[in-house]
1. Please compute the contact order of the stretch 30-169 in relative form: average sequence separation of alpha-carbon pairs under 8 Å and at least six residues apart, divided by the residue count, as a percent.
2. Output ³J(HN,Hα) for the stretch 39-44: one whole-Hz value per residue in order, computed from phi by the Karplus curve 6.51 cos²θ - 1.76 cosθ + 1.60 with θ = phi - 60°, and x for Gly and Pro.
3. Of the accessible area of the stretch 38-131, with the probe set at 1.4 angstrom, what percent is carbon plus sulfur?
Amino acid sequence: MRTMELSLGLVLLCLLRVQAGDTATGELDESKIAGTWYITAMASDSEAYLQKKDQLKMAMANIEVLGDGDLKVSFAIPTPERCMKFESIYKPTGRPNEYCSTDRGNKTVQLVDTDGSSYMIVFATREKDKKTLHMLRLYSRSQWVRPEIESLFKRLAEKKGFTKETIWMLPRQEECRLDKPQAMSLLGLCGQTWTFTSLKRWGYN
């Protein structure tokens, strides 16, 4: 009887891990992360982020899965100067749920946790000036995040070594959105260097 109880307990534990979106050992179903997301929380050790984090607001991202397994990610990021929009291509690294991009420096992102529908938590590293910067982001399908998901994000951030001072829940905004047209795309401007410098200054890149 005790052996049966232990076996049932292990089965239940495995089911709970799957339902909780344990992506550490499972392969990612890319179709579940496609579509529009809100970046609702961040944690970073970037000095630019720490200096400006009180002025940051929710950003938007749209993920498109390409035929070769790459991900095309479009961003709309609000800053006091303007709404900045740009795209990046992320390629699989061969490691589970990990992608890399060479746009604006070498960046690696890994899906840390997701429930497969309403949220995902992404850990990013970027090499800059011979230093490695780290960032954790909470992506949500809605601007309104459930308290238990906020708590989960904060716990994971602290496990990654981020202090409470570097963790920030971003306020909602409506003025900078992917579905709003803008007069001129930043992707086609000769001033790309200015745009990317601005992203670094605000801690998003």
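The values are calculated or read from the model by the stated rules, or taken from the named source; none is laboratory data. Source: prediction; values computed, not measured. Quick note on the areas: whole protein, heavy atoms, side chains included, nothing else; ligands and nucleic acids left out. Shrake-Rupley method; radii C 1.70, N 1.55, O 1.52, S 1.80 Å.
1. On the way: 259 pairs, mean separation 36.7, N = 140.
Value for the stretch 30-169: 26 percent.
2. Taking θ as phi minus 60°, the curve returns 8, 9, 7, 9, 9, 7 Hz for the stretch 39-44.
3. Details: 1910 of 4200 Å².
Roughly 46 percent, rounded to a whole number.
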